[in-house]
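The values are calculated or read from the model by the stated rules, or taken from the named source; none is laboratory data. Everything quoted here is computed from the prediction, not taken from an experiment. As a convention, Cβ positions derive from the backbone with ideal geometry for all residues, glycine included, and neighbour counts pool all protein chains shown.
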Amino acid sequence: MNMDRTLAVGADHAGYLLKDQLAQAARDAGWTVIDCGTNTATSCDYPDFAHAVCQRIEAGAASFGLLVCGTGIGMALAANRHPTIRCAQARDVTEARLARQHNNANILALGARLTGDAVALDCLSTFLTTAYEGGRHDRRLAKLTPPA
Ligand code: RB5
């Protein structure tokens with residue numbers, strides 16, 4: 001498996017239909033997708049799926065992640081508890097692009113109840129095709145870890 005083009009995806013009951021649609025779009029674009037669930041409308045807890053996706057990235061099994069819940073907020077909160085994860089909640093393509101260019105985000109969080117399917121597809125496509133700019137942003141990313 002080419003982990004450089006492997007995307008781990010996860011969602012709760014509010015986001016799984018959009019997650020499935022986005023996962024298929026990623027496959028169509030040549031990505032290998034690791035689906036961490038959920039895959040039903042049964043009510044569940046978003047942190048369980050956020051942590052599962054983060055663990056795939058931490059283990060080196062995936063290079064990027066996608067998390068979808070109702071708002072994207074809960075997923076981002078949970079994912080960002082992981083020290084090596086930079087999860088960006090995005091509501092439009094500009095945020096998705098800047099999350100990569102400036103923040104070197106490795107997970108995109110989307111809100112299925114707030115963002116339409118077409119915009120979400122554009123957000124993911126942009127996120128997966130935009131490079132980190134490095135330079136001055138390296139210094140700022142190094143400061144994301146709180147001082148001791
Ligand atoms: C589930 O009702 C909802 O709270 C969840 O999907 C998410 O929006 C939380 O941040």
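The residues listed here are 97, 113, 91; of these, the one that is farther than 20 Å from residue 26 by Cα and more than 11 Å from the chain's Cα centre (by Cα) is 113. Taking the criterion of being at pLDDT 95 or above, touching a Pro at 6+ places or on another chain (Cβ under 9 Å) and within 16 Å of the ligand (Cβ to nearest atom), would at least one residue in the range 107-115 satisfy it? No - not one qualifying residue is present in the range 107-115.
Name the residues in the range 10-68 that are more than 14 Å from residue 110 (Cα to Cα), within 10 Å of the ligand (Cβ to nearest atom) and among the charged types (D, E, K, R), would you? Selection gives 45 alone. For the range 122-138, give me the residue count where each residue is crowded, with 19+ Cβ neighbours inside 10 Å, more than 17 Å from residue 69 (Cβ to Cβ) and either of a type in the set (A, V, I, L, M) or within 16 Å of the ligand (Cβ to nearest atom) (or both). The total comes to 1.
Kindly indicate the residue of the range 77-101 that is over 13 Å from residue 127 (Cβ atoms) and not hydroxyl-bearing (Ser, Thr, Tyr) and also surrounded by the fewest Cβ atoms within 10 Å (Cβ to Cβ) among those meeting that condition. Within the range 77-101, the match that is surrounded by the fewest Cβ atoms within 10 Å (Cβ to Cβ) is 83.
Listed by position, the strands (runs of 3 or more DSSP E) contained in the range 59-148 that have at least 1 residues being under 16 Å from residue 15 (Cα atoms) and β-branched (Val, Ile, Thr) are 64-69, 107-111.
With the structure loaded, tell me whether residue 78 is modelled with pLDDT of 95 or more and in contact with a Pro (Cβ under 6 Å, 6 or more places away or on another chain) or whether it fails that test. Taking the combined requirement at face value, the residue satisfies it.
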